[in-house]
1. Pick out, from ASN97, ALA118, VAL52, the residue whose Cα sits farthest towards the positive end of the charge dipole of region 42-121, with +1 on the Cβ of Lys and Arg and -1 on the Cβ of Asp and Glu.
2. Could you give the length gained by full extension between GLU114 and MET24, i.e. 0.36 nm per residue of separation minus their alpha carbon distance, to one decimal place?
3. Can you give the alpha-carbon Rg of region 42-121 over 2.2 N^0.38 Å, where N counts its residues?
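Only the coordinates and a few stated rules stand behind these numbers; no lab work does. On a predicted model such as this, the values are computed, not experimentally measured, just so you know. Neighbour counts are summed over all protein chains in view; Cβ atoms, including those assigned to glycine, are modelled from backbone coordinates with ideal geometry.
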Amino acid sequence: MTMISATPGGSGDAYGRLVQSLQMEFGTSEVSALAARILEAEKAEFHWDARVQERYLGQHLPLDLGDANAGDDLARIAILSFLADRWHAGICLVDGNGCAADLLWLRSFDAREEAADAFARAR
């Protein structure tokens, strides 16, 4: 089992940096709705980049074998992330270049322990 760990901190929460950047760009503090829309549109990438722990779950096999993208090399990776002042556990599909392609599911928690428990149970 491959597991990678890190600790949140350093340059801070990616969502907080997004809000600060938007505030500087538009010269106003009224950017929360825009920040929420950007986060929703790029959810997989934000959570993948904000992960503090990951665990390889295996290769992703598409349901439709006739799909033109069925040959894509995608891995299923369980993630534990810290974003927007909350802990999250989920499963990402990650391509061969290490970029998030999709987010299969995501649960959010106030406490790291609860998120870590959901991360440990991810299959």
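1. Comparing the listed Cα positions along the dipole, ALA118 ranks first.
2. 28.9 nm is the gain from fully extending GLU114 to MET24.
3. 1.12
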